[in-house]
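A.B. asks: Right, I'll just put the structure down here and ask away after.
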Amino acid sequence: MKTDRLIGILSVLLQQERSTAPELAAKFEVSRRTINRDIEALCKAGIPICTFQGAGGGIGIMEGYRMDRTLLTSKDMQMILAGLRSLDSVSGSSYYGQLMEKLKPGASDFVSGRDSVLIDLSSWSKESLAPKISLIQDAVEERRQIAFYYYAPGGNGMRNIEPYYLIFKWSSWYVWGWCLKRKDFRLFKLNRMEALRKTDLGFEPRKVPMPDLSNERIFPANIRVRALFEPETKWRLVEEFGPRCFEVQEDGRLLFQMDYTDEDTLVNWLLTFGAKVEVLEPESVRARLLEAAKRIVWFYEKGRGGEKTRNEK
């Protein structure tokens, strides 16, 4: 937007003694002619912008001019910039970078280079995640439905939703919206989406309930697991559940007790520990792990590759 760009240009000129039209054009991803028009607009608004000829010349602001920044303290600004950097880590555009430029004008003692909070919201799938976030943001603002192929435990298929909120929770990104298939509000994980697109269908905003994202609501704990872990797994237990999730036994093993939500997820998690865990209860989980262990032994005893295995049946 032009207003955003004008404020961004002003912020840059407040921080740098000189800049040039080509430099500003590259920074804000517009043409040099557009920058010249923006400079003219700033001059008409009363900003004392000057041009300097010769070597080292360019565009600058008259010495002594500065913006009023008394409403924000240095700590306030550091926290705001930390939040903007976190959003910039998953942004597919230069918007948040330009927004940071707007908020940093003035003296160097106001925004120091010693950033104490650095947040990166990206993931291994950043290249595919950033375009999804950008598209959903646009769809929310434009009140347009989005369509995507969704991979879910209950089955895969196409979904059409009215998007309302982008949410970062449990180290992942989600969209909260009205699902036309389920006729209800649902939470969809961006990493499970494929072929995401905006549709031509608009929608009238509904009365949107704020999503209940409490762990108790999303992950109701109804399975009590008791297991003995080998001492070398302690770092994982602490990282995932905290230092009070186990009791050290006389033989050095760790008695782990926790309420879990889903048996499939629990079994898959326990399998990642291999032979370094023994489940005491529930019995159903013990039985499933035993069956999984038998299948693994069968795969490897029958030889390498699925083709050989099939031939030997």
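The values are calculated or read from the model by the stated rules, or taken from the named source; none is laboratory data. Predicted, not measured: the structure shown is a model, and the values here were computed from it. Reconstructed Cβ throughout: ideal geometry from the backbone, glycine too, with neighbour counts over all protein chains shown.
A.B. asks: Might you let me know whether the stretch 145-163 holds any residue that is β-branched (Val, Ile, Thr) and in a loop (DSSP other than H, G, I, E, B)?
C.D. replies: Scanning the stretch 145-163, I find no residue that is β-branched (Val, Ile, Thr) and in a loop (DSSP other than H, G, I, E, B), so the answer is no.
A.B. asks: Quick one: in the stretch 99-130, of everything that is exposed (fewer than 12 other Cβ atoms within 10 Å of the Cβ) and under 12 Å from ASN191 (Cα atoms), which residue is modelled with the highest pLDDT?
C.D. replies: Per the criteria, the residue is GLU127.
A.B. asks: Based on what the data block shows, is ARG217 at pLDDT below 90 and either exposed (fewer than 11 other Cβ atoms within 10 Å of the Cβ) or in the same structural domain as ALA147 (by TED's automatic domain parsing) (or both)?
C.D. replies: yes
A.B. asks: Now for a different question. Filtering the stretch 58-68 down to residues that are under 22 Å from ARG18 (Cβ atoms) and under 36 Å from the mean Cα position of the chain (by Cα), which residue is modelled with the lowest pLDDT?
C.D. replies: MET67
A.B. asks: Spot the failing condition for PHE229; the list is (1) at pLDDT 95 or above; (2) surrounded by fewer than 15 Cβ atoms within 10 Å (Cβ to Cβ), and only one is missed.
C.D. replies: (2) is the only condition that PHE229 fails.
A.B. asks: Applying the selection to the stretch 185-203, what residues are among the charged types (D, E, K, R) and part of a helix (DSSP H, G or I)?
C.D. replies: ARG192
A.B. asks: Now for a separate question. Tell me, which residue of the stretch 143-159 that is surrounded by 14 or more Cβ atoms within 10 Å (Cβ to Cβ) and either over 20 Å from the mean Cα position of the chain (by Cα) or not β-branched (Val, Ile, Thr) (or both) is farthest from PHE203 (Cα to Cα)?
C.D. replies: Looking at the filtered set, the residue picked out is TYR150.
A.B. asks: While we're here: Pick from the stretch 248-275 the residues that are under 33 Å from the mean Cα position of the chain (by Cα) and under 12 Å from LEU228 (Cβ atoms): which of them is surrounded by the fewest Cβ atoms within 10 Å (Cβ to Cβ)?
C.D. replies: The qualifying residue surrounded by the fewest Cβ atoms within 10 Å (Cβ to Cβ) is GLN257.
A.B. asks: Tell me, which residue of the stretch 172-191 that is within 14 Å of the chain's Cα centre (by Cα) and surrounded by fewer than 19 Cβ atoms within 10 Å (Cβ to Cβ) is farthest from TYR150 (Cα to Cα)?
C.D. replies: Ranking the candidates gives SER172 first.
A.B. asks: Return only the number of the condition from (1) surrounded by 11 or more Cβ atoms within 10 Å (Cβ to Cβ); (2) at pLDDT 70 or above that ALA55 does not satisfy.
C.D. replies: The failed condition is (1).
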